[in-house]
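Step one of this worksheet: look at the structure below.
Computed from the coordinates by the stated procedures, all read-outs in this text should not be read as laboratory data. Being a predicted model, the structure only gives us computed values, none of them experimental. Every residue, glycine among them, receives a Cβ derived from its backbone with ideal geometry; neighbour counts consider all protein chains shown.
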Amino acid sequence: MFPVKSKAIEEQELWKKIEELESSLKKADDLSKPELEVKLAKLKLKLNEIQFPKPKKSTAVFELELAKKQSQYNDLYEKYSKLRQALGSVSEIDYKQKEKELKFKLYSFLLEKYTEIINEKEEKTIGEIKGLIDPDDLSIQAILAELISSDYSFEKNYLTIAKEAFDFVVKEISFVESNLKINYWMAPSEILRHKIADDEDIAVFLCTLLYALGDEKAFVVVAELENLSTHTFVITEYKNNFYLFDPSQKTPFEEFSGKKEKVIEKYSFKNSKIKRFLYRFNSEEYEQFAE
């Protein structure tokens with residue numbers, strides 16, 4: 001049989017443990033204190049039971065204290081767990097963001113290094129530029145198949161369907177302002193796949209949709225603004241009204257419509273108004289404006 005400890009020995013051991021815990025408690029941080037306080041309360045309760053075998057009022061006090069400390073510990077541990085999870089998520093996000101920034105830095109360097117080669121490859125003749133407005137493109141035709149019905153008429157329904165086409169481009173394609181000194185052109189299928197385009201490509205995309213609807217007066221226009229930057233948009237005329245469409249700004253369909261002079265005067269991009277048109281083109285025409 002195992003020897004049975006006397007109450008006196010057990011009481012002395014408990015006192016020793018209590019003193020050690022109280023000493024540790026003085027040095028503990030805020031996170032460790034609740035757990036130590038719970039252990040201390042348990043030891044005091046056990047000591048009280050040895051000293052007072054019959055239920056006493058003090059036992060109930062210790063039980064309440066123990067329950068309170070246990071609750072505090074559980075609450076703090078739950079907050080600590082959530083904080084660790086949040087810190088882990090933030091660290092992961094920071095790491096991924098840093099990784100993206102490093103990749104972007106590398107890609108920018110490579111693009112700048114081979115800018116001349118890319119520009120030479122992407123250089124187009126006037127005929128090829130006009131060919132960008134291709135109403136027979138399968139991606140363009142697929143979009144129009146969802147917008148027009150069999151009884152579509154340019155004279156009767158054009159503005160209604162043109163608005164739907166404009167809204168589609170504004171909603172589905174995100175404008176990205178490229179600061180790279182690279183000439184490139186995205187095909188409609190590429191724009192639809194990636195859902196992004198710069199101002200030139202998004203204007204060509206919209207103009208092609210309008211041209212495919214029968215609007216032979218729709219043109220892509222590259223303009224110089226008052227801040228000396230260039231910006232591209234679409235213009236057309238329909239039933240004695242002039243329209244300027246700039247899907248990169250996500251303005252309403254008829255925001256810039258009416259008399260040509262007033263529309264041009266009203267229009268601006270990033271608070272900069274039009275200084276002059278540089279050139280315009282569609283499937284049939286290419287016109288460069290004299291300074």
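Using Cβ point charges alone (K and R +1, D and E -1), the dipole size of the range 124-288 about the Cα centre works out to roughly 580 debye. Set the Förster distance to 25 Å, then compute FRET efficiency between Ala142 and Lys250 from the Cβ-Cβ distance, nearest 0.05. With R0 = 25 Å, the Cβ-Cβ based efficiency is 0.65.
Think of the range 240-291 as having a plus end and a minus end, set by charges on the Cβ of Lys, Arg, Asp and Glu; of Ser248, Asn271, Phe289, Asn271 sits farthest toward the positive end of this dipole.
Among the listed pairs Lys113/Lys171; Lys130/Lys156; Lys33/Lys96; Lys163/Lys266, which are separated by more than 26 Å between their Cα atoms? In this structure, Lys113/Lys171; Lys130/Lys156; Lys33/Lys96 exceed 26 Å between Cα atoms. Taking a ≥ b ≥ c as the square roots of the eigenvalues of the Cα gyration tensor, the range 164-247 is oblate, since a/c reaches 1.5 or more and a/b is not larger than b/c. Between Arg193 and Ser108, the distance separating the two model label sites (each 7 Å from Cα on the Cα→Cβ line) works out to 2.6 nm. The overall shape of the range 93-191 is oblate: from the C-alpha gyration tensor, with semi-axes ordered a ≥ b ≥ c, the ratio a/c is 1.5 or greater and a/b is no larger than b/c.
Simple rule: put +1 on each Lys or Arg Cβ and -1 on each Asp or Glu Cβ in the range 134-218, find the dipole, and look at Leu159, Phe205, His194; the Cα lying farthest toward the positive end is His194. Note on Glu49 and Lys17: the extension gain reaches 9.9 nm, defined as 0.36 nm multiplied by sequence separation minus the Cα-Cα distance.
Under 1.5 on a/c is rounded, so check that first for the range 147-291, then, if it is not, pick prolate when a/b is larger than b/c and oblate when it is not; a ≥ b ≥ c are the square roots of the alpha carbon gyration tensor eigenvalues. Here the range 147-291 falls in the oblate category. Computed from the Cβ-Cβ distance with R0 of 51 Å, the FRET efficiency linking Asp94 to Glu226 stands at 0.80. Under 15 Å of direct C-alpha separation, and excluding same-chain neighbours fewer than eight residues apart, Lys46 reaches these aspartates and glutamates: Glu10, Glu11, Glu13, Glu19, Glu37, Glu63, Glu65. Fully extending the segment from Glu284 to Ile182 would add 34.1 nm, taking 0.36 nm per residue of separation and subtracting the current Cα-Cα distance.
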